Amino acid sequence: MLREYGACSLCPRKCKVNRLQGEKGYCGQTAEITAARAALHYWEEPCISGTTGSGAVFFSGCNMGCAFCQNQEIARGEVARSLTIDRLSDIYLELQAKGAANINLVTASHFIPSVAESLRLAKKKGLNIPVVYNSSAYETTDALRLLDGLVDVYLPDCKYHDSILSAELSKAPDYFETAMAAIEEMVRQVGDASFYPVGTIPGAAGSDQLEDKDLLSADEYNDLVVELDDDYEGPLVKKGVIVRHLVLPGHLDDSKKVLLGLNERFGNSIYISIMNQYTPLRSVPGHPELDGRVPEAEYEELLDFAADIGIENAFLQAGDTAKESFIPDFDYTGL
Ligand code: SF4
């Protein structure tokens with residue numbers, strides 16, 4: 001068990017350090033699970049947060065290290081409390097008891113073997129709401145296979161298309177191809193998206209016994225959501241892959257290539273969440289364009305492009321979403 005940490009090649013960085021003996025690689029974490037917060041979180045896509053919130057566990061450390069990171073204090077492991085696998089499984093159950101619509105594992109790529117163990121244990125103890133795996137998509141398919149059958153909803157990023165941009169901003173020149181292979185494995189595991197019927201509360205009696213015919217397909221969900229207003233009380237996601245693209249100011253062409261690549265390869269097998277909430281938190285050397293927010297005209301042009309190339313399954317953001325309030329306090333709440 002957990003032998004993968006021994007000469008760590010869990011992610012494409014392939015550091016080969018022995019995390020079981022306390023060594024740290026690019027992600028900055030040993031084999032000990034660390035996290036910064038576990039709480040209900042309301043700022044995900046509406047079908048994930050619903051009205052009750054998503055049960056988000058924010059893990060410490062990260063294998064990306066993006067220059068514009070929106071959660072740097074936990075990504076660098078500055079806020080990190082150690083957890084046992086048993087405690088982590090209990091945290092999921094506590095979030096479920098608080099009414100979480102799902103368990104949302106945020107940036108757990110470098111802890112996949114332990115997270116898989118914690119999910120198996122939690123399911124034995126009664127975890128019966130969907131599990132969402134929220135990641136950068138910079139992962140190996142071998143590592144993702146450890147989660148097969150344990151995760152219901154994959155929520156990966158697809159950050160860049162251009163290898164120079166991904167090298168400069170995340171030291172990952174192979175990002176796009178790696179992310180595409182990772183997303184392919186995610187789609188293989190969970191298939192097309194489906195949603196709970198309106199009014200169904202995940203975890204409530206009978207909710208985990210719904211058959212496929214009882215669930216809403218993507219088409220049915222899209223038809224319904226068009227008719228819903230801002231106060232979203234619509235269906236919650238049961239399974240599927242939702243790929244997030246955070247639009248960076250000044251990189252409209254790269255964003256278009258990302259959407260085109262995703263749509264050509266996966267079509268309606270995935271949802272794409274096109275996000276304009278980029279918040280400049282520090283200046284990035286060599287990239288003055290990242291000092292501002294995404295101009296409305298750039299975002300609108302990208303949305304028009306998405307429609308023109310035939311993307312049907314999409315989440316968009318409206319209004320002033322670029323607020324630091326989206327970033328929660330990393331104060332060990334819920335650990
Ligand atoms: S998980 Fe961490 S130590 Fe392992 S290969 Fe990736 S960055 Fe390196």
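The values are calculated or read from the model by the stated rules, or taken from the named source; none is laboratory data. The shown structure was predicted, so the numbers you read here are calculated from the model rather than taken from an experiment. Note: ideal-geometry Cβ built from the backbone for every residue, glycine included; neighbour counts use all protein chains shown.
Miscellaneous remarks
- Restricting attention to the stretch 154-178, the residues that are closer than 16 Å to Ala108 by Cβ and either touching a Cys at 6+ places or on another chain (Cβ under 9 Å) or of a type in the set (Phe, Trp, Tyr) (or both) add up to 1.
- The listed residues are Ala116, Ala143, Ala67, and the only one of them that is in contact (Cβ under 8 Å) with a residue 40 or more places away in the chain and within 16 Å of the ligand (Cβ to nearest atom) turns out to be Ala143.
- In the stretch 3-30, the residues that are at pLDDT below 95 and of a type in the set (Asp, Glu): Glu4
- Screening Leu119 with (1) under 23 Å from Gly250 (Cα atoms); (2) crowded, with 17+ Cβ neighbours inside 10 Å gives one miss only, at (1).
- Strands (runs of 3 or more DSSP E) wholly inside the stretch 56-172 that include at least 1 residues being under 14 Å from Arg37 (Cα atoms): 81-83, 103-106
- Residues satisfying the stated conditions in the stretch 10-23, i.e. more than 7 Å from the ligand (Cβ to nearest atom) and in a loop (DSSP other than H, G, I, E, B): Pro12, Lys16, Asn18, Gly22, Glu23
- Residue check, Gly240 assigned to a strand (DSSP E or B), modelled with pLDDT of 90 or more and surrounded by 15 or more Cβ atoms within 10 Å (Cβ to Cβ): yes
- Among the conditions (1) away from the ligand (no atom under 16 Å from the Cβ); (2) in contact (Cβ under 8 Å) with a residue 40 or more places away in the chain, the only one that Ser89 does not satisfy is (2).
- Any hit, the stretch 187-202, residues being in a loop (DSSP other than H, G, I, E, B) and within 30 Å of Ala67 (Cα to Cα): no
- Condition check for Ile183: away from the ligand (no atom under 16 Å from the Cβ) and out of contact with any helix residue (DSSP H, G or I) (no Cβ under 9 Å at 6 or more places or on another chain): no
- Unique match (being among the small types (Gly, Ala, Ser), more than 17 Å from Glu312 (Cα to Cα) and buried (at least 16 other Cβ atoms within 10 Å of the Cβ)) among Ala179, Ala204, Ala167, Ala218: Ala179
- Filtered residue count, the stretch 24-49, keeping only those that are more than 16 Å from the ligand (Cβ to nearest atom) and crowded, with 24+ Cβ neighbours inside 10 Å: 5
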